[in-house]
Amino acid sequence: MYGQGLIKGLRITLKHFFEKKITQQYPEERPNLPERFKGSLTLNVPKCIACGLCSNACPNHVIKIESQKDENNKKKLTGYKVMLERCLFCGFCVEACPTKALEWTKEFELTKFYREDVNLDLFKGYVPSPDDDKPAKPENEDTAQAS
Amino acid sequence: MLKTQELTLNLGPHHPSTHGVFRCVLNLEGEYIQKAVNHLGYLHRGIEKLAESRTYTQFIPYNGRLDYVAGMLNEWTYVHAVEKLMGITEEIPERAQYIRVILGELQRLASHAIYIASMALDVAGATAWFYGFRDRDEILDLLEMVSGQRLMPNYMRIGGVAADLPEGFIEKCQALIDEFPNRIAEQEGILIGNEIFQARVKNVGPISKEMALDYGLTGPNLRASGVDTDLRRDEPYGIYDRFDFKVPVGEKGDTFDRVLVRIEEMKESVKIVKKALRDIPEGPVMAKVPKVIKPPVGEVYSRIENAKGHLGFHIVSDGSTKPYRLRIYSPCFVNIGIFPEMAKGIHLMDAVVALASLDIVLGEIDR
Amino acid sequence: MEKSFFNTIADALRNWLMNGLGFSDTAAQLTATAIWTLVVILFILMNLIVLVWLERKFSAFFQQRRGPNRLGPAGFLQFPVDIVKVLGKEDIIPANADKTVFKIASTCLFITTILAWAVIPLGDGVILADLNIGLFYFLAIGSTATVSLMMGGFSSNNKYSLIGGMRTVAQMISYEIPMIFSLLGVVMMVGSLRLSDVVAAQQNMWFIVPQAIAFLVYFVATVAETNRGPFDLAEGEQELVAGYFTEYSGIRYAIWMIAEYGNLVAVSTIASIMFLGGWNAPFGLTFIPGFVWLLLKIYFMIFLFMWVKWTYPRIRIDHLMHFGWKFLIPVSLANILVTGIGIYVYRLIIG
């Protein structure tokens with residue numbers, strides 16, 4: 001019968017009219033993010049061996065690492081900047097990290113008023129503590145190699 | 001003296017229904033189009049050139065920026081091309097192959113859901129548009145669970161996939177796939193079966209078989225014109241030879257056929273995902289590939305069935321870690337070429353619908 | 001009950017003006033009319049607040065969203081805030097626009113809307129001017145709305161606006177005819193064009209029962225008359241950006257919107273009066289005042305309009321014309337014929 005499709009459409013919309021709504025009330029209701037979510041970056045400074053693999057893996061040369069040799073001729077991190085304004089959020093840096101020092105956080109509200117404020121300085125907030133001298137052990141070496 | 005003259009109408013580059021920044025100059029006689037001229041390039045980012053300064057691995061995330069509603073499929077195309085260049089297509093682990101099929105078909109579902117949704121919006125059915133985006137969003141949730149991002153997943157790797165499926169993915173995916181036929185039925189109820197919609201799209205912008213082949217259309221648009229072709233079946237890549245699925249073919253090649261072909265394809269995709277979820281084996285997800293990828297000197301052209309058509313990558317390697325030249329054969333770019341021919345003589349309202357039915361994504365057209 | 005209530009207020013006002021302030025009879029009448037006009041405008045504006053809120057909420061509910069819910073209870077204050085925003089916007093007039101016509105176009109539409117409200121009763125005796133050709137006046141005023149839409153489309157110096165304006169003229173003129181014809185059936189049964197007579201004739205049976213086809217034709221035709229989806233070709237967002245008001249901004253744009261919603265309430269009221277029994281209470285529920293019943297019926301009609309708008313895609317212009325001329329007009333004419341025969345047979349039987 002002509003007009004059947006019209007009535008069916010009306011029925012479907014009416015059904016949804018009384019249904020529970022599915023939109024998320026964002027600022028009050030926080031999104032339930034998965035484990036692998038790529039938000040902002042965080043660096044566990046004591047674990048970092050300043051190898052530069054993350055910087056090399058980055059397609060856009062976003063990561064700037066500064067390091068100096070200490071008395072044992074071991075590289076020590078003195079600066080770690082992520083130019084987040086040019087970041088693709090591809091995650092190659094996190095994958096490349098041999099010690100799992102660099103990791104994603106679930107923080108996704110990265111908007112800032114000024115453009116330069118979005119860049120991260122992951123070394124700035126670091127305060128040396130006696131625990132840091134323990135040798136940084138690479139965890140899960142095999143999986144790090146595989147990827 | 002009174003006289004009539006043609007009206008030149010600049011459709012775009014910012015216009016509600018050009019799906020991005022496509023510009024088309026129309027010559028109107030009344031509201032009927034006499035001539036249409038495409039103007040492209042408003043979203044040109046030089047991705048082909050960017051590839052020459054990135055290593056093979058580093059170029060993977062850029063593929064999501066091409067066809068930004070089907071990022072997973074684009075990445076698959078690229079990594080498949082590089083694997084072919086390196087000659088390791090046979091070494092990809094089983095599980096990785098299955099994961100690729102599952103995510104690829106999910107991405108195809110998402111892309112087609114957007115197609116139906118934007119088609120609905122271009123005939124002013126805002127409610128069907130919301131339903132389409134709701135369905136797509138649930139698929140994106142799954143992709144986000146796997147890769148960490150919704151649009152630009154950067155999940156495929158040369159030699160496999162970045163990581164194994166996370167815990168609970170199979171169950172969630174199964175639940176969504178079981179639910180999905182109802183969602184398609186809902187779209188059929190509110191949009192496809194609607195007499196107003198049918199009146200809007202039937203016999204609009206028909207493309208004959210010959211014309212479609214002459215213009216080099218690919219994918220669902222070509223199938224809607226009655227050419228029975230599907231790379232998944234004709235040149236099976238990955239493990240597609242293990243799946244048994246129908247290839248929906250249209251008859252007249254009008255806008256309605258193009259919508260129907262997509263709807264049918266969604267149903268087939270659901271079946272493929274279902275079977276893949278059932279058969280997926282345990283095992284590694286990465287083949288043994290060197291950390292620094294240095295393909296041998298040579299060139300390769302590889303194409304797979306993207307959501308929009310045949311997406312091809314032509315890679316020339318000079319043996320270094322970066323491609324010497326990378327050329328993207330984009331289905332949307334080819335499909336948009338037929339728009340001036342379709343638009344000739346039809347009403348302005350129909351032209352918008354015909355444009356929507358081609359399923360263009362400007363990120364891929366302008367690259 | 002309410003007749004006395006509203007009329008007492010009117011009489012008290014007139015008495016106060018004449019005796020208390022020493023107005024002459026004519027002056028008191030004029031002042032009272034002016035106050036009534038203000039009340040009508042206020043009624044339209046208050047309806048508008050509710051309507052815009054309802055449209056947003058309903059469209060959201062149909063689409064599984066929640067709609068505005070930040071400002072005020074359930075987002076009710078969203079529209080007043082929007083109006084404040086709109087008032088603060090720059091009033092842009094395109095460079096080569098026909099400035100005078102551009103400026104007055106939206107106001108013209110608003111004036112026709114208010115004029116149409118002169119004859120629309122909101123309850124027993126609650127009416128500005130109970131003309132004996134009330135319905136005829138409403139239809140005549142309603143058809144002049146086409147001119148202001150055309151003015152808006154033509155003066156903007158924008159191709160999209162021009163096409164939108166042209167479409168409006170074609171559409172509104174075509175759909176006026178079935179709309180009038182569909183109302184004729186009711187008029188024949190009542191034998192009067194006075195709206196209060198129409199309501200009085202529906203004491204026992206609403207005209208939607210004998211005139212169901214006319215009601216459907218009227219509904220479809222008014223959707224096209226008020227430029228609402230699925231017949232909102234004049235706006236045609238997908239191809240014409242916003243149709244005849246593409247170039248409008250700020251308060252001029254708001255006036256277009258106010259006038260359109262005013263029209264929507266007007267046609268819904270006419271539908272409730274002509275087909276749904278006006279302020280007659282159904283099932284003998286007379287303890288609820290007639291005014292409330294009328295409002296309920298008006299909002300039921302508005303819900304129907306919104307339901308249809310948020311379900312269907314837009315129809316194409318040539319299909320619209322075909323549908324109007326080749327289907328709706330013959331059907332409404334046939335309805336008149338059947339009604340005429342019915343009345344004749346009825347009279348034969350009754351004597």
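For this structure, a couple of remarks:
- Of the candidates A:L33, A:L14, the single residue that is in contact (Cβ under 8 Å) with a residue 60 or more places away in the chain, facing another protein chain (nearest Cβ under 10 Å) and surrounded by fewer than 17 Cβ atoms within 10 Å (Cβ to Cβ) is A:L33.
- Every condition in (1) part of a loop (DSSP other than H, G, I, E, B); (2) crowded, with 21+ Cβ neighbours inside 10 Å holds for B:R150 except the one numbered (2).
- B:V289 being over 19 Å from B:L222 (Cβ atoms) and either in contact (Cβ under 8 Å) with a residue 60 or more places away in the chain or part of a helix (DSSP H, G or I) (or both): yes
- Selection from region C:265-295 of residues that are closer than 22 Å to C:A116 by Cα and of a type in the set (G, A, S): C:A266, C:S268, C:A271, C:S272, C:G277, C:G278, C:G290
- Residues of region C:19-34 satisfying the condition of being assigned to a helix (DSSP H, G or I) and either more than 26 Å from the chain's Cα centre (by Cα) or surrounded by 13 or more Cβ atoms within 10 Å (Cβ to Cβ) (or both): C:N19, C:G20, C:D25, C:T26, C:A27, C:A28, C:Q29, C:L30, C:T31, C:A32, C:T33
- Of the set (1) among the aromatic types (F, W, Y); (2) touching a Lys or Arg at 6+ places or on another chain (Cβ under 9 Å); (3) more than 14 Å from chain B (Cβ to nearest Cβ), all apply to C:F231 but (3).
- Cβ separations smaller than 8 Å between residues 6+ apart or across chains give the following pairs from region A:77-92 residues that are on the phi < 0 side of the Ramachandran plot to residues that are among the small types (G, A, S) and assigned to a loop (DSSP other than H, G, I, E, B): A:L77/A:A50; A:L84/A:S40.
- Matching residues in region B:173-221 - criterion: being assigned to a helix (DSSP H, G or I) and at the interface with chain A (Cβ under 10 Å from one of its Cβ atoms): B:A185, B:E186, B:Q187, B:E188, B:G189, B:I190, B:L191, B:I192, B:E195, B:I196, B:F197, B:Q198
- Index of the failed condition, B:A163 passing every other in (1) surrounded by fewer than 22 Cβ atoms within 10 Å (Cβ to Cβ); (2) away from every other protein chain (no Cβ under 11 Å): (2)
- Of all the numbered requirements in (1) under 18 Å from B:S17 (Cβ atoms); (2) of a type in the set (A, V, I, L, M, F, W, C); (3) away from chain C (no Cβ under 14 Å); (4) surrounded by fewer than 23 Cβ atoms within 10 Å (Cβ to Cβ), B:I346 misses one, and that requirement is (3).
- Restricting attention to region A:102-123, the residues that are loosely packed, with under 10 Cβ neighbours inside 10 Å and either in contact (Cβ under 8 Å) with a residue 12 or more places away in the chain or more than 13 Å from the chain's Cα centre (by Cα) (or both) add up to 5.
- Filter result for B:L11 (crowded, with 20+ Cβ neighbours inside 10 Å, among the hydrophobic types (A, V, I, L, M, F, W, C) and over 30 Å from A:H61 (Cα atoms)): yes
- Residue in region C:281-312 that is surrounded by the fewest Cβ atoms within 10 Å (Cβ to Cβ), counting only those that are assigned to a loop (DSSP other than H, G, I, E, B) and touching a Ser or Thr at 6+ places or on another chain (Cβ under 7 Å): C:W310
- Qualifying helices (runs of 4 or more DSSP H) (wholly inside region B:300-367; at least 1 residues being within 14 Å of the chain's Cα centre (by Cα)): B:331-336, B:348-357, B:362-366
- Members of region B:51-78 that are of a type in the set (V, I, T) and either more than 14 Å from every other protein chain (Cβ to nearest Cβ) or crowded, with 24+ Cβ neighbours inside 10 Å (or both): B:I60, B:V69, B:T77
- Region A:100-124, residues that are among the aliphatic types (A, V, I, L, M) and not in a loop (DSSP other than H, G, I, E, B): A:L102, A:V118, A:L120
- Criterion violated by B:E94 - all others in (1) surrounded by fewer than 24 Cβ atoms within 10 Å (Cβ to Cβ); (2) within 14 Å of another protein chain (Cβ to nearest Cβ); (3) of a type in the set (D, E, K, R) satisfied: (2)
- Matching entry among C:A259, C:A224 (being within 30 Å of B:Q198 (Cβ to Cβ), crowded, with 24+ Cβ neighbours inside 10 Å, small (G, A, S) and at pLDDT 80 or above): C:A224
- Only one of C:R66, C:R70 that is surrounded by 15 or more Cβ atoms within 10 Å (Cβ to Cβ), assigned to a loop (DSSP other than H, G, I, E, B) and at pLDDT 80 or above: C:R66
- Number of residues in region B:103-134 that are farther than 21 Å from B:F256 by Cα and within 14 Å of chain C (Cβ to nearest Cβ): the value is 1.
- Qualifying residue in region A:42-64 (condition: within 11 Å of the chain's Cα centre (by Cα) and of a type in the set (A, V, I, L, M, F, W, C)): yes
- Being within 14 Å of chain B (Cβ to nearest Cβ) and either modelled with pLDDT under 80 or under 30 Å from B:G193 (Cβ atoms) (or both) is a description that does not apply to C:W325.
- Check on B:E31, closer than 30 Å to B:N194 by Cβ, charged (D, E, K, R) and surrounded by 19 or more Cβ atoms within 10 Å (Cβ to Cβ): yes
- Check on A:A50, small (G, A, S), out of contact with any helix residue (DSSP H, G or I) (no Cβ under 7 Å at 6 or more places or on another chain) and more than 14 Å from every other protein chain (Cβ to nearest Cβ): yes
- Residue within region B:11-19 that is under 19 Å from B:L326 (Cα atoms) and of a type outside the set (D, E, K, R) present: no
- Pairing each residue of region C:35-58 that is within 17 Å of C:F305 (Cα to Cα) and within 14 Å of chain A (Cβ to nearest Cβ) with any residue that is aromatic (F, W, Y) and surrounded by 15 or more Cβ atoms within 10 Å (Cβ to Cβ), provided the two are 6+ apart or on different chains, yields no C-beta distance under 6 Å.
- Which numbered condition B:Y42 fails, given (1) assigned to a loop (DSSP other than H, G, I, E, B); (2) surrounded by 23 or more Cβ atoms within 10 Å (Cβ to Cβ): (2)
- Selected residue (criterion: farthest from B:V297 (Cα to Cα)) from residues of region B:63-101 that are of a type in the set (D, E, K, R) and assigned to a helix (DSSP H, G or I): B:R95
- Residue match in region C:279-299 (condition: closer than 17 Å to C:P230 by Cα and in contact with a helix residue (DSSP H, G or I) (Cβ under 6 Å, 6 or more places away or on another chain)): no
The values are calculated or read from the model by the stated rules, or taken from the named source; none is laboratory data. Values in this document were obtained by computation on a predicted structure and should not be read as measured data. Cβ atoms come from the backbone with ideal geometry, glycine included; neighbour counts cover every protein chain shown.
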